[in-house]
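Trainee: Structure below; questions to follow.
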Amino acid sequence: MLELKNLAVSYGAIHALHGISLAVPAGGIVTLIGSNGAGKSTTLRTISGLVKPLSGEILYEGRNIAGLPPHEIVKRGLSQVPEGRMIFANLTVHENLMMGAYLQHDKAVIRQELALVFATFPRLQEREQQVAGTLSGGEQQMLAIGRALMSRPKFLMLDEPSLGIAPLLVKTIFEKIVEINRERGITILLVEQNANRALEISQFGYVLETGRIILSDTSAALRQNPQVRSAYLGG
Ligand SMILES: Nc1ncnc2c1ncn2[C@@H]1O[C@H](COP(=O)(O)OP(=O)(O)O)[C@@H](O)[C@H]1O
Ligand SMILES: [Mg+2]
């Protein structure tokens, strides 16, 4: 469904990605792991059109989307849950969710999507009129995922959804990611430093180190890989 071919990105003189290639099959969950500064967020931001690549291709359903503006990419069914959630703290839960539907003008479709988000995250429905800044970290992450779902994505990218969240809610968030994939058929590219859980729920994984893919294998094999175990799974 998505294929990156020799994607290179730099921020001025800083080379963040040195020609990476990866593939995400339709219906799957693929994990990209790597430590801080490896280039994970840059990869997602480039796919979303927020950062322009120096060279390389981003093939989505067979067409090169590299260089398209972000709203065109959202329109094609790709959506991103950014690192750090980036919710609008002064707006209510409802208003935040509506921001995710900004390209949709059909009110019936919006109502239907809202109902689907609330079916996945009943907590958001209970807190619909609450100001988002007063939600817990885990609830804000649910809101960020819900907002991304409001654009009716076929392909969802999540940037470190477990970062800074209480352990109990981390478990819930990962369960919800699986539910979104299985029940709604949404393909997922998951970026995580919490490699263990990410490799548990994905079928395939890539390891990114300083802008290069150094390993790629089935998630089951990566979990057994000594190099991965010592660097990302705590030995
Ligand atoms: N806006 C930016 N301007 C300059 N350098 C950046 C910017 N964003 C990220 N970088 C650099 O690009 C590299 C990759 O960063 P990032 O993609 O955020 O990594 P990760 O998400 O894996 O932690 C790092 O060296 C980082 O300092
Ligand atoms: Mg990051």
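Trainee: Please compute the net charge surrounding ASP106, taking Lys and Arg as +1 and Asp and Glu as -1 over other residues with Cβ under 15 Å from its Cβ.
Mentor: Once positives and negatives cancel, what remains is +3.
Trainee: Continuing with this model, one more query. Give the separation of the Cα centroids, region 37-58 to region 146-175, in Å.
Mentor: Computed from Cα coordinates, the inter-centre distance equals 20 Å.
Trainee: Hey, another quick one. Could you calculate the FRET efficiency of HIS94 with LEU59 from 1/(1 + (r/R0)^6), where r is the beta carbon distance between them and R0 is 45 Å, rounded to 0.05?
Mentor: Plugging the Cβ-Cβ distance into 1/(1 + (r/R0)^6) gives 0.80.
Trainee: Angle check, please: helix 167-184 long axis (alpha carbons) against the longest principal axis of the chain (alpha carbons), in degrees 0 to 90, nearest 10.
Mentor: 90
Trainee: 222 nm [θ] for the chain, helices only, -39500 (n - 2.57) per DSSP H run of 4+, per residue, to 500?
Mentor: -11000 deg cm²/dmol
Trainee: Something else: Could you put HIS94, HIS105 in order, starting from the residue whose Cβ has the fewest other Cβ atoms within 10 Å?
Mentor: So the ranking, lowest neighbour count to highest, is HIS105, HIS94.
Trainee: Next question, about the same structure. Counting Lys +1, Arg +1, Asp -1, Glu -1, what net charge surrounds ALA26 among other residues with beta carbon under 15 Å of its beta carbon?
Mentor: So the surrounding residues net to +3.
Trainee: In debye, nearest 20: dipole of the chain around its Cα centre with unit charges on the Cβ of K, R (+) and D, E (-)?
Mentor: 160
Trainee: Between beta-carbons, use under 14 Å as the cut-off and find the net charge around ALA38, counting Lys and Arg +1, Asp and Glu -1.
Mentor: Computed value for this residue: -2.
Trainee: LYS75: which lysines have alpha carbons under 24 Å from its alpha carbon, excluding same-chain residues fewer than 8 sequence positions away?
Mentor: Cα-Cα hits under 24 Å: LYS5, LYS40, LYS52, LYS107, LYS154, LYS176.
Trainee: Diagonalise the Cα gyration tensor of the chain and give the resulting equivalent ellipsoid semi-axes, square root of 5 times each eigenvalue, largest first, whole Å.
Mentor: In descending order, the three semi-axes are 28, 21, 16 Å.
Trainee: Which FRET efficiency, nearest 0.05, do VAL109 and GLU209 yield, Cβ-Cβ r, R0 41 Å?
Mentor: 0.45
Trainee: Quick one: VAL74, VAL109, fewest Cβ neighbours within 10 Å first, how do they rank?
Mentor: VAL109, VAL74
Trainee: Return the single residue from PRO122, PRO25, PRO53 with maximal mean-square fluctuation; model: Gaussian network over the chain, springs between Cα atoms under 10 Å.
Mentor: Among PRO122, PRO25, PRO53, the largest mean-square fluctuation in the Gaussian network model of the chain belongs to PRO122.
Trainee: Here's something else I'd like to know. Hey, if you drop one equal point scatterer on each alpha-carbon of region 5-143 and run the Debye formula without solvent, what base-10 log of I(q)/I(0) do you get at q = 0.12, 0.19 Å⁻¹?
Mentor: Debye curve over Cα of region 5-143, log10 I(q)/I(0) at q = 0.12, 0.19 Å⁻¹: -0.61, -1.19.
Trainee: Over region 68-133, with a single point scatterer placed on each C-alpha, what log10 of the ratio I(q)/I(0) does the Debye formula yield at q = 0.18, 0.20, 0.22 1/Å?
Mentor: -0.77, -0.94, -1.10
Trainee: Could you identify which residue out of ILE188, ILE110, ILE47 has the top mean-square fluctuation in a GNM of the chain using Cα springs shorter than 10 Å?
Mentor: Per the Cα network of the chain with a 10 Å cutoff, ILE110 tops the list.
Every number in this text was worked out from the coordinates using simple rules, so none of it is lab data. In this text the structure is predicted, and so the values were computed from the model without any measurement. Backbone-built Cβ (ideal geometry, glycine too); neighbour counts: all protein chains shown.
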